[in-house]
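Everything on this sheet refers to the single structure shown next.
The values are calculated or read from the model by the stated rules, or taken from the named source; none is laboratory data. A quick note: this is a predicted structure, and the numbers were derived from the prediction, not measured. Note that we place each Cβ from the backbone using ideal geometry, even for glycine, and neighbour counts take in every protein chain shown. Please note that ligands, DNA and RNA were not included when accessible areas were found on the heavy atoms of the full protein model with its side chains. Shrake-Rupley method; radii C 1.70, N 1.55, O 1.52, S 1.80 Å.
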Amino acid sequence: MSDEPTVFGRIVSGEIPVEVLAETERVLAFADIAPQAPIHILIIPKETTYRDVTELAAGDPGLLAEIVSVAKDLATRLADGDYRLVFNNGAAAGQTVFHVHAHLLAGGLEEHTLGA
Ligand code: AMP
């Protein structure tokens, strides 16, 4: 990553305050500032090493699994346990923050069905 901290790096360091919805030693979750679903939470690793999920999966699959586990816990706590996990990879795919993050979408997703 570049030396310039991303907005998520600044959240991890505490420079930008957020309401923490879930936290482990390595992972942080907080609400997306521009929600696209009734529940829209960002789940990020605290470390700034990985730009996107492709890099994360190759470099630390256990950390990726931890993000999925936190997603399931949040969906169970805040919705009916079902959830959608979205990773935008690359600017052309809509990625704007180059600190890997999962978008956890849950609650009322029937209106936002992909495909079909
Ligand atoms: P992406 O487009 O996949 O890179 O997602 C970046 C997401 O970060 C967007 O959905 C933004 O709404 C969200 N976002 C940007 N700044 C903040 C912030 N300070 N707090 C919470 N969410 C943010």
Counting Lys +1, Arg +1, Asp -1, Glu -1, what net charge surrounds residue 30 among other residues with beta carbon under 13 Å of its beta carbon?
-> -1
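Round to a whole number: what % of the accessible area of the chain belongs to carbon and sulfur, probe 1.4 Å?
Summing carbon and sulfur atoms, their accessible area is 53 percent of the total for the chain.
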Helix 61-78 versus the longest principal axis of the chain: what angle, 0 to 90°, nearest 10, using Cα atoms?
-> 40 degrees
Give me the accessible area per residue for the chain, probe 1.4 Å, as a whole number in Å².
-> 56 Å²
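Please give the FRET efficiency for residue 55 paired with residue 80, using the beta carbon to beta carbon distance and R0 = 25 Å, rounded to the nearest 0.05.
E(calc), rounded to 0.05, equals 0.20.
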Restrict the search to the stretch 1-87; then list the GluC sites (Glu not before Pro) that DSSP places in a loop and that have at most 13 other Cβ atoms within 10 Å of their Cβ.
-> 15, 19, 25
